[in-house]
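Input: a single structure, listed below in structure tokens.
The values are calculated or read from the model by the stated rules, or taken from the named source; none is laboratory data. Keep in mind that what you see is a predicted model, and the values were worked out from it rather than measured. So basically every Cβ, Gly included, is an ideal-geometry build from the backbone, and we count neighbours across all protein chains shown.
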Amino acid sequence: MMFFVKTLLVGLSAALCAWLLNRLLLYLGVQGVPALLGPVIEETLKTGLALAAGAPLAGVHSTFGLIEGLWELPGRPARTPRGAQAARVRGYPAAWIGPALAAWGGHSFFGLLVLLTYTRTGHSGTAWAVGLLAHLAWNRAVLALHR
């Protein structure tokens with residue numbers, strides 16, 4: 001039971017810290033947050049906190065992805081970083097379930113890569129870098145699809 005609770009708490013902590021840091025950087029007008037800085041922050045928090053707490057790498061990444069996926073669901077007013085009202089996602093549930101599942105699946109996949117790399121090499125930095133490269137490639141693909 002404690003194993004499960006630790007995984008949830010570390011994943012939640014990583015998600016909350018990442019959300020706060022990403023929002024702050026966006027508010028300050030820092031360029032490259034979604035494409036570069038966001039993945040660096042997120043992978044550092046997920047992998048670093050999991051290793052520091054002795055929590056399962058894949059579980060923390062998956063928990064983070066689930067929380068990010070829940071954030072993608074509608075029902076909250078969407079706002080831009082400076083507070084201007086943004087457009088809501090409308091349409092059949094697939095229009096908003098898709099991004100939520102993609103967030104959960106993507107982060108779960110990154111966690112699996114990190115776990116496999118760490119298990120294989122024993123090097124946390126190498127595992128972090130593999131997760132980061134996968135996350136950067138994912139974000140690049142997603143951003144290219146929405147241009």
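Quick notes
- Unique match (being surrounded by 11 or more Cβ atoms within 10 Å (Cβ to Cβ), among the small types (Gly, Ala, Ser), at pLDDT below 85 and in a helix (DSSP H, G or I)) among Gly98, Gly105: Gly98
- The lone exception for Ala55 - which of (1) at pLDDT 90 or above; (2) part of a helix (DSSP H, G or I) it fails: (2)
- Residue that is farthest from the chain's Cα centre (by Cα) [pool: residues in region 29-52 that are part of a loop (DSSP other than H, G, I, E, B) and either within 13 Å of Trp128 (Cα to Cα) or not β-branched (Val, Ile, Thr) (or both)]: Gly29
- Taking region 135-147 as the range and being in a helix (DSSP H, G or I) and surrounded by fewer than 20 Cβ atoms within 10 Å (Cβ to Cβ) as the test, the residues that pass are Leu136, Ala137, Trp138, Asn139, Arg140, Ala141, Val142, Leu143, Ala144, Leu145.
- Number of residues in region 36-55 that are free of Cβ contacts under 8 Å to residues at least 60 places away in the same chain, of a type outside the set (Gly, Ala, Ser) and more than 13 Å from Ser124 (Cα to Cα): the value is 2.
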